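Worksheet: the structure to be examined is printed underneath.
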Amino acid sequence: MAVEPAEAEEIRNHLLRYAGWDKVPEEVIKTFSESATRVELKRKRPVFRRGDPGPGLFLVRSGEFKLSLISSEGREQILYLAGPGKLIGEGFLPREVQCAASAFAMTDGEVWRFDTDLVIKLLSQSEAMAFALMRHQAFRANRLIDLILDLSLRSVQRRLASFLYTLALRSGAEQGKAHVIPRALDMNTVAARLGTVREEISRALNRMQREGILKLSRQEIVVLDLGALEMVTYE
């Protein structure tokens, strides 16, 4: 579905939130934004699957999406989550190169798709756009390296503590004050994000509750001691 002018402006505004896009010439951003096609996806439907030819670059318009790997035994490892305004760049590949991971809708949502050939053409015309996209891909690669380090070198409790500590800080937590984290993600999703299983997450949460760091309920996690939660990430 081709985009309307208002949607093209919406795309432009999302892109300008990323480092480097403010240096891209206005006519290049306009051409790029207007080239998008909108794709509607129901919950659990794929944006692309591992092994597919690269379908292009994607920008989330609405809903929640995940990039993940699924083993032959059915175990899932979530590489990252993407909400509105986030780029999914792993499908931006030459036609002959297959996607290394899968991207799925976690809720009903929409993405904007940018055809690989057009993106490459615009990159050849604008060094600033090439640099902006390169910065984003480098940032994503660094985050994936951090994930590998977490999975290989840190315990489940340390990974979970780091995950909760980051969520708490992003939502305004302060030292010395209790802070509520709503349970927006189900336990299976958290486990898949942290490279473990639901039972290990439950054990780690209960351990931190016994230690007085957290208070748990079905709807929320209350951080009682932010400093202690941070310390767990280094144990």
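The values are calculated or read from the model by the stated rules, or taken from the named source; none is laboratory data. In this text, all values refer to a predicted model and were calculated from it rather than measured experimentally. No Cβ is skipped: glycine too gets one built from the backbone with ideal geometry, and neighbour counts run over all protein chains shown. Surface areas here come from the heavy atoms of the whole protein model, side chains and all, with no ligands, DNA or RNA. Shrake-Rupley method; radii C 1.70, N 1.55, O 1.52, S 1.80 Å.
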Original post:
Is it true that Pro84 is in contact with a Phe, Trp or Tyr (Cβ under 8 Å, 6 or more places away or on another chain), within 26 Å of Asn142 (Cβ to Cβ) and modelled with pLDDT of 95 or more?
Top reply: no
Original post:
Can we say Phe65 is among the aromatic types (Phe, Trp, Tyr) and either open to solvent by less than 30 Å² (accessible area, probe 1.4 Å) or without any contact (Cβ under 8 Å) to a residue 12 or more places away in the chain (or both)?
Top reply: yes
Original post:
Is there a residue in segment 134-153 that is over 23 Å from Arg75 (Cβ atoms) and of a type in the set (Asp, Glu)?
Top reply: no
**OP:** Sort out which residues of segment 83-111 are assigned to a loop (DSSP other than H, G, I, E, B) and more than 24 Å from Leu16 (Cα to Cα), and write them in order of number.
**Re:** Pro94, Arg95, Glu96, Val97, Cys99, Ala100, Ala101, Met106, Thr107, Asp108
**OP:** From the list Ala101, Ala138, pick out the single residue that is more than 16 Å from Phe58 (Cα to Cα), small (Gly, Ala, Ser) and open to solvent by less than 90 Å² (accessible area, probe 1.4 Å).
**Re:** Ala138
Original post:
Out of (1) touching a residue at least 40 places away in the same chain (Cβ under 8 Å); (2) among the hydroxyl-bearing types (Ser, Thr, Tyr); (3) closer than 17 Å to Ser35 by Cα, the odd one out for Ser124 is which?
Top reply: (1)
**OP:** Determine which member of the set Val28, Val47, Val39 is touching a residue at least 40 places away in the same chain (Cβ under 8 Å) and either in contact with a helix residue (DSSP H, G or I) (Cβ under 9 Å, 6 or more places away or on another chain) or in a loop (DSSP other than H, G, I, E, B) (or both).
**Re:** Val28
Subject >> Search result, residues across segment 198-235 that are free of Cβ contacts under 8 Å to residues at least 60 places away in the same chain and β-branched (Val, Ile, Thr) >> reply: Ile201, Ile213, Ile221, Val222, Val223
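In the list Ala130, Ala138, Ala100, which residue meets the criterion of being under 23 Å from Glu26 (Cβ atoms), not acidic (Asp, Glu) and not assigned by the TED database to the domain that holds Asp186?
Result: Ala130 is the single residue among Ala130, Ala138, Ala100 that is under 23 Å from Glu26 (Cβ atoms), not acidic (Asp, Glu) and not assigned by the TED database to the domain that holds Asp186.
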Original post:
Got a sec? Which of Ser124, Ser72, Ser33 is of a type in the set (Ser, Thr, Tyr), in a helix (DSSP H, G or I) and open to solvent by 50 Å² or more (accessible area, probe 1.4 Å)?
Top reply: Ser124
